[in-house]
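Quick notes on the structure that follows.
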Amino acid sequence: MDKLKRVLSGQDAEEPGPLAEVVDASTLSWSTRIKAFIACFAIGVLCSILGSCLLWVPKKGPILFAVFYTLGNISSLGSTIFLMGPMRQLKRMFEPTRLIATIVMLLCLILTLCSAFWWHNKGLTLIFCVLQFFALAWYSISYIPFARDAVKKCFAVCLS
(Lines give C-alpha, C1' and ligand atoms only; values in the text may rest on other atoms or scores of the structure.)
Protein backbone atom coordinates (compact mmCIF):
# COMPACT_ATOMS: atom_id res chain seq x y z
CA MET A 1 0.00 0.00 0.00
CA ASP A 2 2.89 2.37 0.78
CA LYS A 3 4.36 1.75 -2.64
CA LEU A 4 1.05 2.61 -4.29
CA LYS A 5 0.85 5.86 -2.33
CA ARG A 6 4.38 6.80 -3.40
CA VAL A 7 3.61 6.08 -7.06
CA LEU A 8 0.39 8.07 -7.00
CA SER A 9 1.97 10.98 -5.14
CA GLY A 10 4.80 11.22 -7.70
CA GLN A 11 7.54 9.76 -5.56
CA ASP A 12 9.77 6.92 -6.70
CA ALA A 13 8.05 3.61 -7.22
CA GLU A 14 10.98 1.68 -5.81
CA GLU A 15 12.62 1.94 -2.45
CA PRO A 16 16.22 3.11 -2.53
CA GLY A 17 18.73 0.30 -2.67
CA PRO A 18 21.86 -0.03 -0.59
CA LEU A 19 23.95 1.83 -3.20
CA ALA A 20 21.63 4.85 -3.06
CA GLU A 21 21.85 4.84 0.72
CA VAL A 22 25.67 4.82 0.58
CA VAL A 23 25.70 7.67 -1.94
CA ASP A 24 23.31 9.71 0.19
CA ALA A 25 25.36 9.06 3.30
CA SER A 26 28.62 10.05 1.63
CA THR A 27 27.48 13.27 0.00
CA LEU A 28 29.38 16.28 1.24
CA SER A 29 28.01 19.74 1.71
CA TRP A 30 29.48 22.53 -0.41
CA SER A 31 31.34 24.05 2.55
CA THR A 32 32.85 20.66 3.42
CA ARG A 33 33.92 20.20 -0.20
CA ILE A 34 35.64 23.60 -0.21
CA LYS A 35 37.41 22.83 3.08
CA ALA A 36 38.56 19.43 1.79
CA PHE A 37 39.74 20.98 -1.48
CA ILE A 38 41.77 23.63 0.37
CA ALA A 39 43.24 21.06 2.78
CA CYS A 40 44.20 18.62 0.02
CA PHE A 41 45.64 21.40 -2.15
CA ALA A 42 47.60 22.80 0.81
CA ILE A 43 49.02 19.34 1.54
CA GLY A 44 50.06 19.12 -2.11
CA VAL A 45 51.81 22.49 -2.01
CA LEU A 46 53.47 21.59 1.29
CA CYS A 47 54.76 18.30 -0.14
CA SER A 48 56.13 20.10 -3.20
CA ILE A 49 57.90 22.70 -1.05
CA LEU A 50 59.24 19.99 1.26
CA GLY A 51 60.50 18.10 -1.78
CA SER A 52 62.29 21.21 -3.01
CA CYS A 53 63.98 21.61 0.38
CA LEU A 54 65.01 17.95 0.41
CA LEU A 55 66.67 18.28 -2.99
CA TRP A 56 69.86 19.41 -1.27
CA VAL A 57 70.13 16.41 1.08
CA PRO A 58 73.32 14.48 0.24
CA LYS A 59 72.96 11.21 -1.70
CA LYS A 60 69.16 10.69 -1.38
CA GLY A 61 68.15 14.30 -2.13
CA PRO A 62 66.96 13.90 -5.74
CA ILE A 63 65.00 10.77 -4.87
CA LEU A 64 63.30 12.46 -1.91
CA PHE A 65 62.60 15.49 -4.09
CA ALA A 66 61.02 13.34 -6.79
CA VAL A 67 58.84 11.47 -4.32
CA PHE A 68 57.58 14.51 -2.42
CA TYR A 69 57.17 16.61 -5.57
CA THR A 70 55.18 13.84 -7.25
CA LEU A 71 53.04 13.25 -4.15
CA GLY A 72 52.42 16.99 -3.99
CA ASN A 73 51.28 17.08 -7.60
CA ILE A 74 49.03 14.05 -7.11
CA SER A 75 47.51 15.62 -3.99
CA SER A 76 46.96 18.95 -5.74
CA LEU A 77 45.42 17.22 -8.73
CA GLY A 78 43.29 15.05 -6.46
CA SER A 79 42.00 18.07 -4.58
CA THR A 80 39.76 18.96 -7.50
CA ILE A 81 37.88 15.71 -6.95
CA PHE A 82 36.24 17.38 -3.96
CA LEU A 83 34.91 20.16 -6.18
CA MET A 84 33.48 18.15 -9.04
CA GLY A 85 33.39 14.56 -7.85
CA PRO A 86 35.58 11.63 -8.93
CA MET A 87 33.60 10.45 -11.96
CA ARG A 88 33.16 13.91 -13.42
CA GLN A 89 36.85 14.60 -12.83
CA LEU A 90 37.84 11.43 -14.70
CA LYS A 91 35.44 12.17 -17.54
CA ARG A 92 36.82 15.69 -17.92
CA MET A 93 40.43 14.47 -17.72
CA PHE A 94 39.91 12.14 -20.66
CA GLU A 95 37.90 14.46 -22.91
CA PRO A 96 39.40 14.69 -26.40
CA THR A 97 40.62 18.27 -25.82
CA ARG A 98 42.86 17.26 -22.90
CA LEU A 99 43.45 13.57 -23.56
CA ILE A 100 47.06 13.99 -24.69
CA ALA A 101 47.84 16.40 -21.84
CA THR A 102 46.39 13.93 -19.33
CA ILE A 103 48.34 10.98 -20.72
CA VAL A 104 51.61 12.93 -20.80
CA MET A 105 51.04 14.22 -17.27
CA LEU A 106 50.26 10.76 -15.85
CA LEU A 107 53.19 9.26 -17.77
CA CYS A 108 55.54 11.88 -16.31
CA LEU A 109 54.27 11.16 -12.79
CA ILE A 110 54.92 7.43 -13.27
CA LEU A 111 58.29 7.86 -14.99
CA THR A 112 59.49 10.20 -12.24
CA LEU A 113 58.84 7.55 -9.61
CA CYS A 114 60.29 4.77 -11.80
CA SER A 115 63.49 6.70 -12.40
CA ALA A 116 63.82 7.40 -8.67
CA PHE A 117 63.07 3.92 -7.30
CA TRP A 118 63.84 1.32 -9.96
CA TRP A 119 66.40 2.91 -12.29
CA HIS A 120 68.18 4.92 -9.54
CA ASN A 121 69.12 7.60 -12.08
CA LYS A 122 69.18 11.01 -10.39
CA GLY A 123 69.62 12.99 -13.61
CA LEU A 124 66.69 11.27 -15.26
CA THR A 125 64.63 11.80 -12.11
CA LEU A 126 65.22 15.56 -12.24
CA ILE A 127 64.45 15.67 -15.97
CA PHE A 128 61.14 13.88 -15.38
CA CYS A 129 60.33 16.29 -12.53
CA VAL A 130 60.81 19.22 -14.91
CA LEU A 131 58.70 17.48 -17.56
CA GLN A 132 56.12 16.74 -14.86
CA PHE A 133 55.92 20.45 -14.03
CA PHE A 134 55.37 21.45 -17.66
CA ALA A 135 52.90 18.61 -18.28
CA LEU A 136 50.85 19.56 -15.22
CA ALA A 137 50.91 23.23 -16.21
CA TRP A 138 49.75 22.39 -19.76
CA TYR A 139 47.04 20.12 -18.36
CA SER A 140 45.90 22.81 -15.91
CA ILE A 141 45.58 25.54 -18.53
CA SER A 142 43.42 23.21 -20.61
CA TYR A 143 40.60 24.08 -18.21
CA ILE A 144 40.87 27.80 -19.03
CA PRO A 145 39.16 28.71 -22.32
CA PHE A 146 41.62 29.83 -25.04
CA ALA A 147 44.57 29.70 -22.58
CA ARG A 148 46.48 27.17 -24.66
CA ASP A 149 46.13 29.32 -27.77
CA ALA A 150 47.35 32.36 -25.84
CA VAL A 151 50.40 30.47 -24.53
CA LYS A 152 51.20 29.15 -28.01
CA LYS A 153 50.95 32.64 -29.50
CA CYS A 154 53.08 34.10 -26.72
CA PHE A 155 55.84 31.56 -27.32
CA ALA A 156 55.59 32.05 -31.09
CA VAL A 157 56.08 35.80 -30.66
CA CYS A 158 58.95 35.34 -28.19
CA LEU A 159 60.76 32.84 -30.39
CA SER A 160 60.38 34.71 -33.67
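The values are calculated or read from the model by the stated rules, or taken from the named source; none is laboratory data. Just so it is clear, the structure is predicted and the values come from calculations on it, not from any experiment. Cβ atoms come from the backbone with ideal geometry, glycine included; neighbour counts cover every protein chain shown. Accessible surface is based on the protein model in full, side chains and every heavy atom, while ligands, DNA and RNA are left aside. Shrake-Rupley method; radii C 1.70, N 1.55, O 1.52, S 1.80 Å.
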**Request:** Read phi for every residue in region 109-114 and hand back ³J(HN,Hα) as whole Hz from Karplus 6.51 cos²θ - 1.76 cosθ + 1.60, θ = phi - 60°, with x for Gly and Pro.
**Result:** 4, 5, 5, 4, 5, 5
**Added length on full extension, which subtracts the Cα-Cα distance from 0.36 nm per residue, Leu83 to Ile141** = 19.2 nm
**Message:** Give me the percent of accessible area attributable to carbon and sulfur for region 37-91, probe 1.4 angstrom.
**Reply:** 84
**Item:** Under 15 Å, Cβ to Cβ, from Leu106 - net charge with Lys/Arg +1 and Asp/Glu -1
**Value:** +1
**Request:** Take the Cα radius of gyration of region 49-160 and divide it by 2.2 N^0.38 Å, with N its residue count; two decimals is plenty.
**Result:** 1.18
**Fill in**
Rounded to the nearest 0.05, FRET efficiency between Val130 and Thr97 (Cβ-Cβ, R0 35 Å) equals 0.90
**Prompt:** If we count every other residue with Cβ under 15 angstrom of Ala116's Cβ, Lys/Arg +1 and Asp/Glu -1, where does the sum land?
**Reply:** +3
**Request:** Inverting the mean 1/r over all pairs of different Cα atoms, compute the Kirkwood radius of region 34-92 and quote it in Å.
**Result:** 11.9
**Request:** Give me the net charge of Gly85's neighbourhood, meaning all other residues with Cβ under 12 Å from the Cβ of Gly85; Lys, Arg count +1, Asp, Glu -1.
**Result:** +4
